[in-house]
Every structure is written in structure tokens, then in C-alpha cells.
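K.L.:
This is the structure I want to talk about, given as C-alpha cells.
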Amino acid sequence: PLLLAVWARVAARAPRKRPIDDAGAWPAISIIVAARNEAARLPARITNLLSLPYPGPREIIVVSDGSTDNTAAALAPFGAAVRVLEVPPAGKPAALNAGTAIATGEIFVFADARQRFSEKALLELVANFTDPQVGGVTGELVLDCEDGDAASSTIGEGVGLYWTYEKWLRRNESAVWSTV
């Protein structure tokens, strides 16, 4: 951690992102959600993804990793807005690989069924790719105990110090262009 802290201060370079013009130059994105028995959570997740502003083409692919809770039926109300791919249980990496194999977007956005994106998440993530040296980006996971309303948190108090350290590591790794 000490070496990382020094390295991040010496070698840090922010991405040179520029605004993407509104003339239709936004790249197509594929949002891939790997899910196993998440039928109860997926409708809210898909509603969140569909509500996000993004001026370019987007597709949402949900890969059901051996789910037994009728995931496809839970997503049926979304019609053609969501592609559902059912695969045998093989784990999250295999599900993500299956999703990328059928994805048509220029940029892949990986998401979980449990998280939600802030309103500008897609715009901010994609804008980083205007820097030709950027090959991958990540957002910041904010736990519900960090949103200022600790009383409504579903996260235990014990995660505080660990999570603060984990986020510090991620910020510094990002500053030196490393992936977590």
C-alpha cells in the first residue's frame, strides 16, 4: 500500500475524456447482467437501466446462469428491450463470457442484479473512451451506508474500515492505470 500511494502520486494521469457530440457519435453499448436466481430483483434493475439517459444505441442482455426461479418470465414484461440468455450453471465469469459472445455493442457495461446506477453513470463511463489510451473503466460502488442515511443501511457497521481501505486501494490503482 505504501508503494502504491507513492506511485499514484508520481504517475497519476487522469483520462483525457472529451464530450461526445450530440450528432449521433455515441457508441453502441451492451449492458450485460449475469444473474442466478435473481428474478425478484431483476425487474427493478432493468427499470433502472432503461431509465438512464444514453443517446446512443443500447442493448440489455441478462444471462441467467442456471437459474431455477423462472428468470425469463420475470423479464417478459420488458419485451424486446431485454435479451435473455439462459445457460447451464457455470459461474459468473462463464455467464459474462456468454453475454459478450452475443453482444453487439462497441462497449460492454457489466452490471449485477443487486446494484443500481446513478443517473449519469452510462454517460460518464462511456465518455472516458474518447481517450484512445483508455481500454476499460469502472464506476464507484457506493454502499447504502455511505449515502448519508446510516439508519436505512442494510450494511453492517463492521464494513466501514474495510470498505474505506478498499476504496482507497481502488482509487490509487486507478490513478496508475491498473485494473482491480
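The values are calculated or read from the model by the stated rules, or taken from the named source; none is laboratory data. This structure is a prediction, so every number in the text was calculated from the model and none was measured. Don't worry about glycine lacking a Cβ; one is built from the backbone with ideal geometry, like all the others, and counts go over all protein chains shown. All accessible areas refer to the heavy atoms of the entire protein, side chains included, with ligands and DNA or RNA removed. Shrake-Rupley method; radii C 1.70, N 1.55, O 1.52, S 1.80 Å.
K.L.:
Just for the stretch 149-163: of the residues that are among the hydroxyl-bearing types (Ser, Thr, Tyr) and not in a helix (DSSP H, G or I), which one is modelled with the highest pLDDT?
P.N.:
The initial filter retains those residues of the stretch 149-163 that are among the hydroxyl-bearing types (Ser, Thr, Tyr), namely 152-154, 162.
Now narrow it down to the ones that are not in a helix (DSSP H, G or I): 153-154.
Numbers: Ser153: 52, Thr154: 56.
Among those residues, the one meeting the criterion is Thr154.
K.L.:
I would also like to ask the following. May I ask you to list the residues in the stretch 34-57 that are basic (Lys, Arg), open to solvent by less than 70 Å² (accessible area, probe 1.4 Å) and not in a helix (DSSP H, G or I)? Don't jump to the end; show me each part of the working.
P.N.:
Kept after step one, since they are basic (Lys, Arg), are these residues of the stretch 34-57: 36, 41, 45.
Keeping just the survivors that are open to solvent by less than 70 Å² (accessible area, probe 1.4 Å) gives 45.
Passing the criteria: none in range.
K.L.:
Please verify whether Thr100 is free of Cβ contacts under 8 Å to residues at least 40 places away in the same chain and at negative phi, treating the condition exactly as stated. Spell out the reasoning first.
P.N.:
Numbers: free of Cβ contacts under 8 Å to residues at least 40 places away in the same chain: no; at negative phi: yes.
So Thr100 fails the test.
K.L.:
Now, a different point. List pairs: first residue in the stretch 7-18 and within 10 Å of Val134 (Cα to Cα), second residue open to solvent by less than 100 Å² (accessible area, probe 1.4 Å) and hydrophobic (A, V, I, L, M, F, W, C) anywhere in the structure, Cβ distance under 6 angstrom, at least six positions apart or on different chains.
P.N.:
Filtered contacts from the stretch 7-18: Pro15/Val134; Lys17/Ala127.
K.L.:
For Pro89, only one of the following conditions fails: (1) closer than 28 Å to Glu173 by Cβ; (2) in contact (Cβ under 8 Å) with a residue 40 or more places away in the chain. What is its number?
P.N.:
Against the list (1) closer than 28 Å to Glu173 by Cβ; (2) in contact (Cβ under 8 Å) with a residue 40 or more places away in the chain, Pro89 comes up short only on (1).
K.L.:
Another question, then. Identify all residues within the stretch 90-114 that are surrounded by fewer than 14 Cβ atoms within 10 Å (Cβ to Cβ) and part of a loop (DSSP other than H, G, I, E, B); write none if there are none.
P.N.:
Ala90, Gly91, Thr104, Arg114
K.L.:
Looking at (1) without any contact (Cβ under 8 Å) to a residue 24 or more places away in the chain; (2) loosely packed, with under 13 Cβ neighbours inside 10 Å, can you tell me which one Val84 breaks?
P.N.:
Looking at each condition in turn, Val84 falls short on (2).
K.L.:
Something else about it: Report yes if Ala12 is modelled with pLDDT under 90 and among the small types (Gly, Ala, Ser), otherwise no. Let's see the steps before the verdict.
P.N.:
Numbers: modelled with pLDDT under 90: yes; among the small types (Gly, Ala, Ser): yes.
In short, yes.
K.L.:
Go through the stretch 60-77 and count every residue that is surrounded by fewer than 18 Cβ atoms within 10 Å (Cβ to Cβ), touching a strand residue (DSSP E or B) at 6+ places or on another chain (Cβ under 8 Å) and either under 30 Å from Ala25 (Cα atoms) or without any contact (Cβ under 8 Å) to a residue 24 or more places away in the chain (or both). First the steps, then the outcome.
P.N.:
Start the filter on the stretch 60-77 by keeping residues that are surrounded by fewer than 18 Cβ atoms within 10 Å (Cβ to Cβ), which leaves 66, 68-70, 72-73, 76-77.
From the residues that got through so far, the ones that are touching a strand residue (DSSP E or B) at 6+ places or on another chain (Cβ under 8 Å) too are 66, 72.
After this cut, where a residue has to be either under 30 Å from Ala25 (Cα atoms) or without any contact (Cβ under 8 Å) to a residue 24 or more places away in the chain (or both) as well, the list is 72.
Qualifying residue count, the stretch 60-77: 1.
K.L.:
Run down Glu146, Glu173, Glu166 and say which single residue is open to solvent by 60 Å² or more (accessible area, probe 1.4 Å), acidic (Asp, Glu) and at pLDDT below 95. If you could, list the steps in order and put the result at the bottom.
P.N.:
Numbers: Glu173 fails: open to solvent by 60 Å² or more (accessible area, probe 1.4 Å); Glu166 fails: open to solvent by 60 Å² or more (accessible area, probe 1.4 Å).
The unique qualifying residue is Glu146.
K.L.:
I'm checking my understanding of the structure. Among residues of the stretch 116-139 that are charged (D, E, K, R) and in a loop (DSSP other than H, G, I, E, B), which one is least open to solvent (accessible area, probe 1.4 Å)?
P.N.:
Residues of the stretch 116-139 that are charged (D, E, K, R), as a first pass: 116, 119-120, 124, 131.
Subset that is in a loop (DSSP other than H, G, I, E, B): 116, 119-120, 131.
Numbers: Arg116: 193, Glu119: 129, Lys120: 130, Asp131: 5 Å².
Filtering the stretch 116-139 for residues that are charged (D, E, K, R) and in a loop (DSSP other than H, G, I, E, B), the one least open to solvent (accessible area, probe 1.4 Å) comes out as Asp131.
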